[in-house]
Amino acid sequence: MAQGVYRPRRLREKALLRKMVRETALTAADLVYPLFVVHGRGVRQEIGAMPGQYQRSIDELVKEAKDAAGMGIPAILLFGIPEEKDARGSGAYAEDGIIQQAVRAVKDTVPDLLVVTDVCLCEYTSHGHCGVVEDGVVKNDPTLELIARTAVSHAEAGADMVAPSDMMDGRVGAIREALDEASLVETPIMAYSAKYASCFYGPFREAAQSTPQFGDRRSYQMDPANGLEAMREIALDVDEGADIVMVKPALPYLDIISRAKAEFGLPLAAYSVSGEYAMIRAAGRLGWLDEGRAMMEALVSIKRAGADIVITYFAKDAVRAIERGLESR
Ligand code: PBG
């Protein structure tokens, strides 16, 4: 080799030097931890396809929230499973609904933890769709009012931020207007802007009991083949008043994360969904992958692609790995 040339390996030999020139750092402060809440007391029911994740009653949820906050995780993202479902998903915007009760309980006991709520109807509707169904069709505009009502009721219960995931057109604007009218001008919106119709939500639908009872979500969630359309979706949400935009899922859409980061100046979240968690857990259990390292490599890749915020069921495991210095091996 010629003298004086750049030899990349010079900076790879020593662990401390590798660490010094590392471009991407994943920290606890980047993470949002999704949790599922059910009615009852003392309930801690493991989710079949998500080992290590549970449906929890409010008392158990509060314990987990305290634990997460103690580890330095700044935020949780709440999903509720109601006792009863109906055609209009009324449990989603009931004043004493499961999420409204859960938010009050967590904010009472762990006030310093940010509570973000998923705003959608699918867990609350008997048909399992994210909007109002008429003649077998998911109707956009009649859904907006219900989504906006849900967001306001979450914020009134004390939610620090609302996160609409329904993918109806115009919902961010409808929510912003409703929040402002309710004098909740300070409540930010994290919009699931580029949310794809993905099979990677499979394990979540078991956890949240939100599988559509007919058809699928392709008339409202995005076609996985589309990238330009994701930029249009994000631009719309920014115009309508989104404070944080999101790409979901994360791993199969790293290119979308990277484009969104380059094109928009807003904070960007990426949701590493249930199926991404399940894949890594399953391969780890089978002994086919080093689970801890696969987890960290995946999460770091999401940040490297451009996400500021990483929503992951691995939040606690990731913090423990970061503390052990696992990301810097
Ligand atoms: C509700 C919602 C879903 C997820 C987040 N919010 C499911 C869906 O759209 O079917 C998926 C999260 C995950 O898979 O971890 N609309």
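DSSP finds beta bridges in segment 24-324, and of those with both partners inside it, around 15 percent are antiparallel.
So if I place +1 on the C-beta of Lys and Arg and -1 on the C-beta of Asp and Glu, and nothing else carries charge, what would the dipole magnitude of the chain be about its Cα centre? I want it in debye, nearest 20. Present the calculation step by step, with values, prior to reporting the outcome.
Details: 38 positive and 48 negative charges, 448 e Å.
Dipole size: approximately 2160 debye.
Rounded to 0.05, the FRET efficiency of the C199 and D255 pair, given R0 = 25 Å and the Cβ-Cβ distance, is 0.85. Annotation: for a label point projected 7 angstrom from Cα along Cα→Cβ of D308, residues of segment 117-132 with backbone N closer than 18 Å are 117. Once backbone amide H atoms are built at 1.01 Å from N, V133 has K139 as its partners under 5 Å, excluding neighbours fewer than 5 places away on the same chain.
Tell me, what does the Kirkwood hydrodynamic radius of segment 1-104 come to in angstroms if you use every pair of distinct C-alpha atoms? Please report the intermediate quantities before stating the final value.
Details: mean 1/r = 0.0576 Å⁻¹.
The answer is 17.4 Å.
3J(HN,Hα) along segment 110-124, derived from phi through the Karplus expression 6.51 cos²θ - 1.76 cosθ + 1.60 where θ = phi - 60°, amounts to 10, x, 7, 8, 6, 10, 9, 10, 6, 9, 7, 9, 4, 6, 10 Hz, with x in place of Gly and Pro. Per residue of the chain, the DSSP helices (runs of n ≥ 4 H) give a summed -39500 (n - 2.57) that works out to -11500 deg cm²/dmol at 222 nm. For segment 209-297, rounded, prolate or oblate, judged on the Cα gyration tensor with a ≥ b ≥ c (square roots of eigenvalues), a/c < 1.5 rounded, else prolate if a/b > b/c? In terms of gyration-tensor shape, oblate.
Exposure check, 1.4 Å probe, all protein chains in place: S198 carries approximately 10 Å² of accessible surface. Using a Förster distance of 30 Å, how high is the FRET efficiency between D141 and D112, based on the Cβ-Cβ distance and rounded to 0.05? FRET efficiency, D141 to D112: 0.15.
Quick check on my link table: of K195/K261; K66/K316; K19/K261; K66/K248, which ones sit more than 20 Å apart, alpha carbon to alpha carbon?
Values: K195/K261 16 Å; K66/K316 12 Å; K19/K261 25 Å; K66/K248 27 Å.
Listed pairs above 20 Å: K19/K261; K66/K248.
Using only the Cα atoms of segment 74-187, build the gyration tensor, take square roots of its eigenvalues as a ≥ b ≥ c, and label the shape rounded, prolate or oblate: rounded if a/c is under 1.5, else prolate if a/b is larger than b/c, else oblate. Cα axes put segment 74-187 in the oblate bin. Couplings 3J(HN,Hα) for segment 206-212, derived from phi with the Karplus relation 6.51 cos²θ - 1.76 cosθ + 1.60 (θ = phi - 60°), are 5, 5, 9, 6, 10, 5, x Hz, where x marks Gly and Pro.
Rounding to the nearest 20 debye, state how big the charge dipole of segment 248-287 is about its Cα centre with +1 on each Lys and Arg Cβ and -1 on each Asp and Glu Cβ.
So the magnitude is around 140 debye.
Considering only G91, S272, A159, the residue lying farthest towards the positive end of the dipole of the chain is S272, judged by Cα position with unit charges set on Cβ. Taking 0.36 nm per residue of separation and subtracting the current Cα-Cα distance, fully stretching the chain between L17 and V185 would add 55.8 nm. Close amide H contacts of V43 (hydrogens built in the peptide plane, cut-off under 5 Å, sequence separation of 5 or more or a different chain): S57, E60. Couplings for segment 195-200, taken from phi via the Karplus curve 6.51 cos²θ - 1.76 cosθ + 1.60 with θ = phi - 60°, read 10, 8, 6, 10, 6, 6 Hz in order; Gly and Pro are left as x. Taking every protein chain into account, the 1.4 Å probe leaves I322 with about 40 Å² of accessible area, to the nearest ten. Note on segment 138-281: the alpha carbon radius of gyration divided by the globular reference 2.2 N^0.38 Å gives 1.03.
Sorted largest first, the spans of the alpha carbon positions of the chain along the three principal axes are 73, 45, 39 Å. Annotation: amide H-H contacts under 5 Å for Y196 (H modelled 1.01 Å from N, sequence separation of 5 or more, or interchain): M222, K248.
The modelled label-to-label distance for the pair E177/E84, using points 7 Å beyond Cα in the direction of Cβ, is 3.2 nm.
Under a Gaussian network description of the chain, with springs only between Cα atoms under 10 Å, the residue in G131, G158, G70 that fluctuates furthest is G70.
For the pair E263 and R285, what calculated FRET efficiency results from E = 1/(1 + (r/R0)^6), where r is the Cβ-Cβ distance and R0 = 41 Å, to the nearest 0.05? Each step should come with its number before you reach the end.
Details: r = 39 Å, r/R0 = 0.95.
In this case the efficiency is close to 0.60.
Only protein heavy atoms count here; on that basis, with a 1.4 Å probe, R44 has an accessible area of about 130 Å².
The values are calculated or read from the model by the stated rules, or taken from the named source; none is laboratory data. Since this is a predicted model, take the numbers as computed values, not measurements. Neighbour counts are summed over all protein chains in view; Cβ atoms, including those assigned to glycine, are modelled from backbone coordinates with ideal geometry. The area values use the complete protein model at the heavy-atom level, side chains included, leaving out ligands, DNA and RNA. Shrake-Rupley method; radii C 1.70, N 1.55, O 1.52, S 1.80 Å.
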